[in-house]
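For reference, the structure discussed in these notes is given below.
The numbers here are math on the coordinates, done by the rules we state, and not lab data. Here the structure is a predicted model, which means the values were calculated and not measured. Cβ atoms come from the backbone with ideal geometry, glycine included; neighbour counts cover every protein chain shown.
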Amino acid sequence: MVDSAGTVGAAESWGFAGDTVAVSADAVAEAVRARIAGGKLESLLESSAGRTLFVVSNTERAMVMLLDHPGDPGEHATDPGAEEWSDGFVLSNGQADEYPDADTVPLDEALRIVRHILAVGRPPADAAWAVDR
């Protein structure tokens, strides 16, 4: 679980939903890129601590959301100052969404954030982040 300092015990492991194999922080960016290249724009990672990390991309930008438990409004990566909207965020159920760019980040930044969360349990200190709770 997450302690009062916002860190997670080293025992937390992550895997793609429905997969029994854990994915390492070092391998997650390549795995998400491969999923995107294969047409799976939505990735759901679940942790052994009960947290969920949701990444949906349009191949250029990504929405990155971290939820502590089911029903949690969570928190998400942001791009302060971005004023446009982007579409093409296709969910696994076929729903196509669009989001303000301020609520998404460029794909490389999203993958950096995801890797960091898997490595240390929280977003990087220099990543813009909004708490939706």
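Taking N as the number of residues in the range 14-123, what is its Cα Rg relative to 2.2 N^0.38 Å? Numbers along the way, then the final one.
Details: Rg = 13.0 Å, N = 110, 2.2 N^0.38 = 13.1 Å.
Working it through for the range 14-123, the quotient is 0.99.
Given a 10 angstrom Cα cut-off, can you work out which residue in G38, G88, G74 is the most mobile in a GNM of the chain?
Maximum among the listed residues: G38.
Taking amide H atoms as placed 1.01 Å from N in the peptide plane, list the residues 5 or more away in sequence, or in a different chain, whose amide H sits under 5 Å from that of T78.
For T78, the qualifying residues are A128, W129, A130.
In whole Hz, what ³J(HN,Hα) sequence does the range 44-59 give by Karplus (6.51, -1.76, 1.60; θ = phi - 60°), x for Gly and Pro?
10, 10, 10, 9, 5, 8, x, 8, 10, 10, 10, 10, 10, 10, 10, 5
Averaging sequence separations of C-alpha pairs under 8 Å and six or more residues apart, then dividing by the length of the chain, give the relative contact order as a whole percent.
Numbers: 262 pairs, mean separation 33.7, N = 133.
It rounds to 25 percent for the chain.
Determine the dipole magnitude for the range 1-104: charges of +1 sit on the beta-carbon of Lys and Arg, -1 on that of Asp and Glu, nothing else is charged, the reference point is the Cα centre, and the result goes in debye to the nearest 20. Mind showing how you got there, number by number?
Details: 5 positive and 19 negative charges, 92 e Å.
Magnitude of the dipole: close to 440 debye.
Students often check this: by mean Cβ neighbours within 10 Å, which of 62-70, 79-87 ranks highest, and how do the rest follow? List each step's numbers first, then the result.
Details: 62-70: 19.2, 79-87: 11.9.
So the order, starting with the most tightly packed, is 62-70, 79-87.
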